[in-house]
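Notes follow once the structure below has been shown.
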Amino acid sequence: MAGHEKHLNEKGSDGREALVWQSSLASAKQCILKKNYGRAFAHFLLVLKLCPSMKSALKDDFVLSMREWTDCLERQGRIHDMFKCYDQACELFPECEAALNNIGAQLFRLGYTDEAALYVRRALKLCPDFLAARENLENICSHLVERWHFRMLNDMTRNRAFRDGIDLAVTQGFNTVLDIGAGTGLLSLFAEEAGAMIVHACEVSKSMCDVASEIITANCSCADKINLIPKLSLDLSIPQDIPSRVSLVVTETFDAGLFGEHIISTLHHAWEHLLLPPAEHSEARGGRVIPAGASVYLCPIESETIRKGNRLLYPVLLNLDLRGIDLVCQTSVSEEEPYTTERLSSVRGGYRQLALPKVALKVNFCNPQEVAALHNGIDKMEELHINQAGKLDAVALWFDLDLDKNVTITTAPHIVNCWDQAVFPVLTSHFTQVQEEEDVRENFAVKEGDRVNVNYSLRNDCFRVLCRNVIRAHNPSRSEKRKHYRKMDDVSHMYSLSQCEISRLNDITLNRYYLQALEAARKKIPHTTSLLDLSDGFSPLGLQAALVGYSDITITSASEETREILCHIADINNISQDRLTFIQAKEILDTDMEFDTIVVELFESSGVFRQQILEDLALTRLTSLTGGGVVLPGKLTVMGMCIESDDLAKSSFVVTSEYTLGYQIADFIRDFQATTHPDIDLHTLTYKRLCEPFELFQLDFNEDRSDSDLPPFLQQEKEVSVFVTDTGCVHAVVYWFEVQVMDDIRFSTLDPSLHWRQAAKMIGGHVVVSAGQTQTFKLILKNSCIDVKVAS
């Protein structure tokens, strides 16, 4: 009897649990319909706890509720609660690759890079073909090991110079070494090979520290001589981290602007706490630094491409009056990093030096007093003498690094090296005064004999360069002087946008294509009145649509400043703000709004699809496009071409151990290679074409809609055979977009007059092809990601 009662109790318990999870499941689905994702997530957790067998059936809804709820917690700043959700999700559903990938993507967005990589790698371990996870991991790894790191490791000249400088110092008796910002540990290996007694290598990135540990173990016969410390040098102390002060610091923590990676603060701290004081006389051994010093060059330049990324050039943008509005690149007004980086030798359209490069600053890193003075800050003026006429678009900066008295490397643009140059935009607002009759939207035209007064300063490891005045070679008359200048305090409203947004605004040809399409849509469908602008960031198309007859304009805008700018421009153009609605893209699905026309920006300026844009468009088109409505652009063809390019290879992976002077590094850093390489400019890249352009995918955004089937543009998979026209090694399939905006209004992102660059899928392995053969590729389009592989 007792046993029977126990059985009934257990059966009753199971029955009650079933009722609970069934009730929770129904509640969860109702909550999803009502967009109450927090409560839906809580209900799903209970269902999965009580009935784990439901995991497969609930996977998609569970991932949706978790993603939306954690996004909401992030927006509310409830980071602790967000991490709690992660823990709960992973505890009850550890084998859900989509959830792990979403967690990784969100952690990466929040700056938890190492942790993000861990979650995404777990997702890929569960599902190796998960394309979105692979793209996320590549983005994360590109952040952990940026592309310049591969160029640096493949720069044999740079590597030899550091090896020679370190070898000489160690043989001179500087044999206790601290490698600051060790990265892969290459400089530490140089020091150990030179005969250093002990090498301390500090590297704050956990991922890079793990890589360095493997590289040191594989390449060093006495790995114990290299003490790897997972810390910033600023956090090192004696004797907790290193037993005593060292005689030599080696470091390569320099960005394109020399000072941007906090080299002055780093060395100031090292001289005060970690380095032996310098020797008082030549026979003694004190402390020293490699590099020993640097020379900073400034050069005024002209470049149309750089100009178009600095600020809006047009006072009227195809009927849209922009007078009274100054739109400038955020970099030009940034206090933390007031410069962009460019490989001037590869800038589209080239560049011109308007003066001879001038040494503005010499730095002696081996002099602690001089380092301390720079740490306290400097503020100086320099005069640059113009020797040829042109437009003053920017001031470029590069530098020489003196590793020793006889060993120097340069980052000058005319020398083949791994470095970019720092580019400081020139804006009229930087000038203390401006000629009255000159339109402030025009760059200052300079002539031979003019002098440019440049103010440069160093504060908090940030080097800043501002053009303050142009002294003309001719002297204006006295009457001209009285009316010739005005203070820049009177300049119109100035707003800052990203460099990509500025470049797109200055792409007048692209703007014309879309405006023609908007006008054509109005004529073709007379009742068309409402428009949704799904562009990313700042877009003038909504306001231009209002000027050609659209009455209701909805704009998805991420920032308050963007909305402020658009409202200001609307006022200038007498566009009633009652006609404008600003909304977050995700919020559209929560409304019953419908639109006759949807304008969408599909790809980044770097040449890749915007993240999840095809999925967002498919859903918005299904729920918010009126019958007979149109999407602009209407059609898209993705084109590709096989190329061989040593330059591209050197930016993507460690090519051979020859470049790293015999040290085996490539295998250990392979996980950080990215197969997607954006920001390629086929007009300046050195490459060999191995085939004619071929079609990868076709997408039609105005095809017949179905409430049940996914649109074909959302996911495609196929194989294509390509005829090889030249013999070589297929390093990459570079791709671009052929866009049909509407009817016969078309453009290509390969057009050099447009602002876009191209992207490439790197082809793994050594794929050698011969002219006359065919090569087959497997093509996948999924999650707004493109994948290209050699077919097996």
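Determine whether ILE745 is at pLDDT below 95 and of a type in the set (A, V, I, L, M, F, W, C). The answer is no for ILE745.
The helices (runs of 4 or more DSSP H) falling completely within the stretch 467-577 that include 3 or more residues that are open to solvent by 10 Å² or more (accessible area, probe 1.4 Å) and either more than 27 Å from ARG307 (Cβ to Cβ) or modelled with pLDDT of 90 or more (or both) map to 478-484, 499-505, 508-524, 560-572.
In a residue-by-residue description of the stretch 702-712, the property of being open to solvent by less than 80 Å² (accessible area, probe 1.4 Å), in contact (Cβ under 8 Å) with a residue 12 or more places away in the chain and in contact with a Cys (Cβ under 9 Å, 6 or more places away or on another chain) applies to no position.
Among the residues making up the stretch 197-243, those that are in contact (Cβ under 8 Å) with a residue 12 or more places away in the chain, among the hydroxyl-bearing types (Ser, Thr, Tyr) and part of a loop (DSSP other than H, G, I, E, B) are SER205, SER237.
In summary, PHE259 fulfils each of the numbered conditions (1) closer than 14 Å to ASP179 by Cα; (2) part of a loop (DSSP other than H, G, I, E, B); (3) in contact with a Phe, Trp or Tyr (Cβ under 6 Å, 6 or more places away or on another chain) with the single exception of condition (1). Taken over the stretch 377-413, the criterion of being closer than 17 Å to ILE306 by Cβ, assigned to a strand (DSSP E or B) and of a type in the set (D, E, K, R) is satisfied by LYS391 alone.
Pairs are defined by a Cβ separation below 6 Å, a sequence spacing of at least 6 or placement on different chains, a first member in the stretch 644-672 that is more than 27 Å from LEU690 (Cβ to Cβ), and a second member that is open to solvent by less than 60 Å² (accessible area, probe 1.4 Å) and part of a loop (DSSP other than H, G, I, E, B); the pairs so defined are GLN664/SER657; ILE665/THR184; ILE665/VAL654.
Is it the case, given these coordinates, that ALA759 is open to solvent by less than 50 Å² (accessible area, probe 1.4 Å), in contact with a Pro (Cβ under 7 Å, 6 or more places away or on another chain) and under 26 Å from THR656 (Cα atoms)? Yes.
The residues on offer are GLU703, GLU692, and the sole one that is more than 20 Å from the chain's Cα centre (by Cα) and modelled with pLDDT of 95 or more is GLU692.
Could you look through the stretch 644-680, keep only residues that are among the aliphatic types (A, V, I, L, M) and open to solvent by 20 Å² or more (accessible area, probe 1.4 Å), and pick out the one that is farthest from the chain's Cα centre (by Cα)? So, considering only residues that are among the aliphatic types (A, V, I, L, M) and open to solvent by 20 Å² or more (accessible area, probe 1.4 Å), the one farthest from the chain's Cα centre (by Cα) is LEU661. Looking at the stretch 602-623, which of its residues are in a helix (DSSP H, G or I) and either among the hydrophobic types (A, V, I, L, M, F, W, C) or surrounded by fewer than 16 Cβ atoms within 10 Å (Cβ to Cβ) (or both)? Residues satisfying the conditions are ILE613, LEU614, LEU617, ALA618, LEU619, LEU622, THR623.
Against the condition more than 23 Å from the chain's Cα centre (by Cα) and open to solvent by less than 30 Å² (accessible area, probe 1.4 Å), how does VAL730 come out, does it pass? Against the criterion (more than 23 Å from the chain's Cα centre (by Cα) and open to solvent by less than 30 Å² (accessible area, probe 1.4 Å)), VAL730 qualifies.
In the stretch 652-711, the qualifying residues are those that are among the aliphatic types (A, V, I, L, M) and in a strand (DSSP E or B), and the one that is farthest from THR620 (Cα to Cα) is ILE680. A single member of LEU178, LEU126 is farther than 19 Å from LEU661 by Cβ and open to solvent by 50 Å² or more (accessible area, probe 1.4 Å), and it is LEU126. Screening ARG151 with (1) under 21 Å from the mean Cα position of the chain (by Cα); (2) open to solvent by less than 10 Å² (accessible area, probe 1.4 Å); (3) of a type in the set (D, E, K, R) gives one miss only, at (2). Annotation for the stretch 372-387: no member residue is under 25 Å from HIS683 (Cβ atoms) and of a type outside the set (D, E, K, R).
Quick one: would you say ALA98 is open to solvent by less than 10 Å² (accessible area, probe 1.4 Å) and either under 25 Å from the mean Cα position of the chain (by Cα) or aliphatic (A, V, I, L, M) (or both)? Here the answer is no, as ALA98 does not meet what is asked. Each residue in the stretch 15-46 was checked for being at pLDDT below 80, open to solvent by less than 100 Å² (accessible area, probe 1.4 Å) and under 27 Å from VAL63 (Cα atoms), and 1 pass.
Within the stretch 748-767, the set of residues being at pLDDT 95 or above and among the β-branched types (Val, Ile, Thr) comprises just one member, THR749. In the condition set (1) touching a residue at least 60 places away in the same chain (Cβ under 8 Å); (2) open to solvent by less than 20 Å² (accessible area, probe 1.4 Å), PHE777 is compliant with all but (1). Within the stretch 684-695, take every residue that is open to solvent by less than 80 Å² (accessible area, probe 1.4 Å) and touching a strand residue (DSSP E or B) at 6+ places or on another chain (Cβ under 9 Å) and give me the one that is nearest to SER346 (Cα to Cα). Among those that are open to solvent by less than 80 Å² (accessible area, probe 1.4 Å) and touching a strand residue (DSSP E or B) at 6+ places or on another chain (Cβ under 9 Å), it is LEU685. Only a single criterion out of (1) crowded, with 22+ Cβ neighbours inside 10 Å; (2) within 16 Å of CYS220 (Cα to Cα); (3) of a type outside the set (Asp, Glu); (4) touching a helix residue (DSSP H, G or I) at 6+ places or on another chain (Cβ under 6 Å) is not satisfied by ILE140, namely (2). Scanning the stretch 352-363 for residues that are open to solvent by 60 Å² or more (accessible area, probe 1.4 Å) and out of contact with any His (no Cβ under 9 Å at 6 or more places or on another chain) yields ARG352, LYS362. Among the residues of the stretch 586-601, those identified as surrounded by fewer than 20 Cβ atoms within 10 Å (Cβ to Cβ) and not β-branched (Val, Ile, Thr) are LYS586, GLU587, LEU589, ASP590, ASP592, MET593, GLU594, GLU601.
The values are calculated or read from the model by the stated rules, or taken from the named source; none is laboratory data. What you see is a predicted model, and the numbers here were worked out from it, not measured in a lab. Because the Cβ atoms are built from the backbone with ideal geometry, glycine has one as well, and the counts that use them run over all protein chains shown. For the accessible areas, the whole protein counts, side chains as well, though only heavy atoms, and no ligand, DNA or RNA atoms are used. Shrake-Rupley method; radii C 1.70, N 1.55, O 1.52, S 1.80 Å.
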